[in-house]
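Some notes on the structure that comes next.
Coordinate-derived values only; no laboratory data. Bear in mind the structure is a predicted one, so any value in this text is a computation, not a measurement. Note: ideal-geometry Cβ built from the backbone for every residue, glycine included; neighbour counts use all protein chains shown.
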Amino acid sequence: MEAQVKASLSMSKKEYIAHEPVVATVTLTNNAGRDLLIHTDSRTTLNWLDFEIKNSRGTALSPLAAMNFGAVTIPAGRSITKSVDLTGTFRVTEPGRFRCKAVVRLPGGGGQFVTNTAYFNVTRGRRVYSQRVGDPASGNVREYRLSIHNTSRKASLYLHLIDIRTGRTMQAFRMGDVITSKTPKATVDRGNNLHVLFLTAPNIYAHGTVTPAGKHLGTKYYNPAPGRKPALATFTNGEVVISGGISYDPREAAQSRARLRKLSERPRMTYR
């Protein structure tokens, strides 16, 4: 049966910041010549899909919670994919290098097989900002943390939101590419929302806003105004705005470049 069902494992990326989703994707290809129904065998307590993860010391990680997957049907000659966030099930939130394999079990005594091994790293990044605030909705104290994560190709700015009472990381997500020659700036407004301003590309600044509940309210982009640079400005009423910037729409700019490129590719007219 193993030759009739091909399985492979891939990670969403090779480098993760601590507490962000670590997503593994299993691809199953049916070469059996008939439709296959894969499900957890009722005679056992084992899932049809499991993961084996080891840290850099070779220690196997025990699941923190049970994983339950519903039955899947793979049409003959077709492939399906199953993506799983490993962060909530395994302790892959601490810095280190990990290796992961998926185990697929076939029902009715069809046996089991193991996928290829996928490797990934988890790092904390370099913290550049932290601020504790109260959450008006819950009354709890939160801490915003900004960190920069460098890879061989680019640097990214990440936000972590920590519940101070429990120490739990409530949110961890990537805010965008960042040029590290200019340190990101951050402040909170009267509602304790975090405002972050960072240089995301040459002459393009990004302004992201996050609530104390961990909701990302979106990102706006700015070019420098003549003779000025975008900056966070706080009014006396606690409102935070961008000064020294001209609104910039990356999507509209890309469409304009595409239109110009199409025009430049037209054949030149010859006059006689």
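How big is D for the chain, in µm² s⁻¹ as a whole number, if Stokes-Einstein is applied with the Kirkwood radius of its Cα pairs at 4 °C and 1.567 mPa s?
Answer, rounded: 58 µm²/s.
Give me the one-decimal nm value for the distance between modelled label points at A137 and A71, 7 Å along each residue's Cα-to-Cβ direction.
3.9 nm
For the chain, which span is the longest to avoid every loop-located (per DSSP) member of chymotrypsin sites (Phe, Trp or Tyr not before Pro) having at most 16 other Cβ atoms inside 10 Å?
The longest such stretch corresponds to 70-234.
In the neighborhood of A65, defined by Cβ-to-Cβ distances under 14 Å, what is the net charge if each Lys or Arg adds +1 and each Asp or Glu adds -1?
Counting the neighbours of A65, the net charge comes to -1.
Which residue, chosen from T183, S8, A71, occupies the Cα position most advanced towards the positive end of the dipole of the chain, where the dipole is computed from +1 (Lys, Arg) and -1 (Asp, Glu) charges on Cβ about the Cα centre?
T183
So what's the back-of-envelope 222 nm ellipticity for the chain, counting only DSSP H runs of four-plus at -39500 (n - 2.57) apiece and dividing by all residues, rounded to 500?
So the helix-based figure for the chain works out to -2000 deg cm²/dmol.
List the lysines whose Cα sits under 30 Å from the Cα of K220, skipping any in the same chain fewer than 8 residues away.
K13, K14, K154, K182, K185, K229, K262
What do you get for the angle between helix 250-264 and the principal long axis of the chain? Use alpha-carbon atoms, 0 to 90 degrees, nearest ten.
90 degrees
Please compute the net charge surrounding F235, taking Lys and Arg as +1 and Asp and Glu as -1 over other residues with Cβ under 14 Å from its Cβ.
Once all neighbours under 14 Å are counted, the net charge is -1.
What list of whole percents do you get for P(r) of region 1-57, with Cα-Cα distances grouped in 5 Å bins up to the one holding the largest distance?
4, 12, 18, 21, 17, 13, 9, 5, 1
Can you give the Kirkwood hydrodynamic radius of region 125-255 from its Cα pairs, in Å with one decimal?
Kirkwood hydrodynamic radius for region 125-255: 15.4 Å.
Among the lysines, select those whose C-alpha is under 22 Å from the C-alpha of K6, and discard any that sit fewer than 8 residues away in the same chain.
Within reach: K82, K101.
Hey, could you pull the Cα Rg and Dmax for region 5-122, both in Å?
14.7, 44
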